[in-house]
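Bear in mind these aren't lab numbers, they're just calculated from the coordinates by the rules spelled out. Quick caveat: nothing in here was measured; it's all calculated off a predicted structure. With ideal geometry, Cβ positions are generated from the backbone for all residues, glycine too; neighbour counts draw on all protein chains shown.
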């Protein structure tokens, strides 16, 4: 191939620039200028992308409304113990039950963790029975020490439990935590620990709960080899453990004896890109209903002016392949709120959520009202 050289550019036979020829035609100073220009252009493009993403997220936060305004939802606080948060609710045994996480640390202003337990970082999991008014009637702690000793993936704790029914059994899905820290460093009560998450791993762990105890358990490895997995949505009920891994294209995993059967839509919904699992995926009416969340990270330097905000919305996958969503909402305020449960109770739906990783709450809303909120996307 012959090239026409002009001193600053070159082209292939079809008229497109030939970068190798162009580079050869330039002197050292000109090549340096071109490289600097390319770096600057890439930097500007990345900055513009971040700005667009931030503006889109900020717009979502501004136009989000309280769930109460959407459907007259009634919220109550689930007072079981200090620090309980991120409850997962389920209709089970003719009533309602929740699994509640109790962190063993407190996050300090400087980002360090104040250890509150003799057992280090590991969170506790409580099971709580509720009456018709969503008041606790029985509270007991799940013994998870043996499970954590069995699975190194959960060495540093089991976080954000999600209850579901599979094969007629009561099941729980946790996010197992292994911080990757030195095994010989045992965290002690009142220790101030600065975490380094570069070697941390989060792995999904599923177990049956029978007679208020953890029974058979299994580690579910990442289908894509990711070091950190979170927020899978278990389908409830299901014949075999089934999880919605990614909501935008409804990427679903059916887990059986250490293997997966996966399915997904041919195209992803752009309106769901960036949204992650929160609640379970509940069999509801003529399809599957869930609550998803989007985390809008705040600016640490401007935390009072630009705090972190977690937004939520309902998403419904109908049996005929259509997808619907509600308007974006928050529960109590624009801040850190996290929905980990959704259950049908008579003519209403009950959502369970945590606030600031420090308190647990429940919100009841009429099912027909939720149906009215859904719009096809």
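To two decimal places, what compactness ratio does segment 255-377 give when its Cα radius of gyration is scaled by 2.2 N^0.38 Å?
Details: Rg = 15.9 Å, N = 123, 2.2 N^0.38 = 13.7 Å.
For segment 255-377, the normalised Cα radius of gyration is 1.16.
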For the ranges 363-369, 287-293, what's the packing order if you count other beta-carbon atoms within 10 Å of each residue, average per peptide, and put the highest first? 287-293, 363-369
Place the peptides 242-254, 215-227 in order of packing, highest mean first, counting for every residue the other Cβ atoms within 10 Å and averaging per peptide. 242-254, 215-227
Once both label points are put 7 Å beyond Cα along the C-beta direction, the residue 261-residue 239 separation in nm becomes 0.7 nm
Using the Kirkwood radius over Cα pairs, work out the Stokes-Einstein diffusion coefficient for segment 188-309 at 20 °C and 1.002 mPa s, in µm²/s as a whole number. 125 µm²/s
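Report the calculated FRET efficiency for residue 332 and residue 285 (r = Cβ-Cβ distance, R0 = 25 Å), to the nearest 0.05. Each step should come with its number before you reach the end.
Values: r = 28 Å, r/R0 = 1.10.
Working from the Cβ atoms, E equals 0.35.
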With 0.36 nm assigned to each residue of separation and the Cα-Cα distance removed, residue 213 to residue 118 gains 32.0 nm
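Apply 1/(1 + (r/R0)^6) to the Cβ-Cβ distance of residue 226 and residue 110, taking R0 = 22 Å, and write down the FRET efficiency to the nearest 0.05. Numbers along the way, then the final one.
On the way: r = 29 Å, r/R0 = 1.31.
Approximately 0.15, to the nearest 0.05.
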For each of 100, 80, count neighbouring Cβ atoms within 10 Å of the residue's Cβ, then give the residues from fewest to most. 80, 100
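If R₀ is 51 angstrom, what is the calculated FRET efficiency for the pair residue 320 and residue 140, using the beta carbon separation as r and rounding to 0.05?
Working: r = 42 Å, r/R0 = 0.83.
Using R0 = 51 Å, I get an efficiency of 0.75.
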By how many nm would the segment from residue 188 to residue 270 lengthen if fully extended, with 0.36 nm per residue of separation less the alpha-carbon distance? 25.0 nm
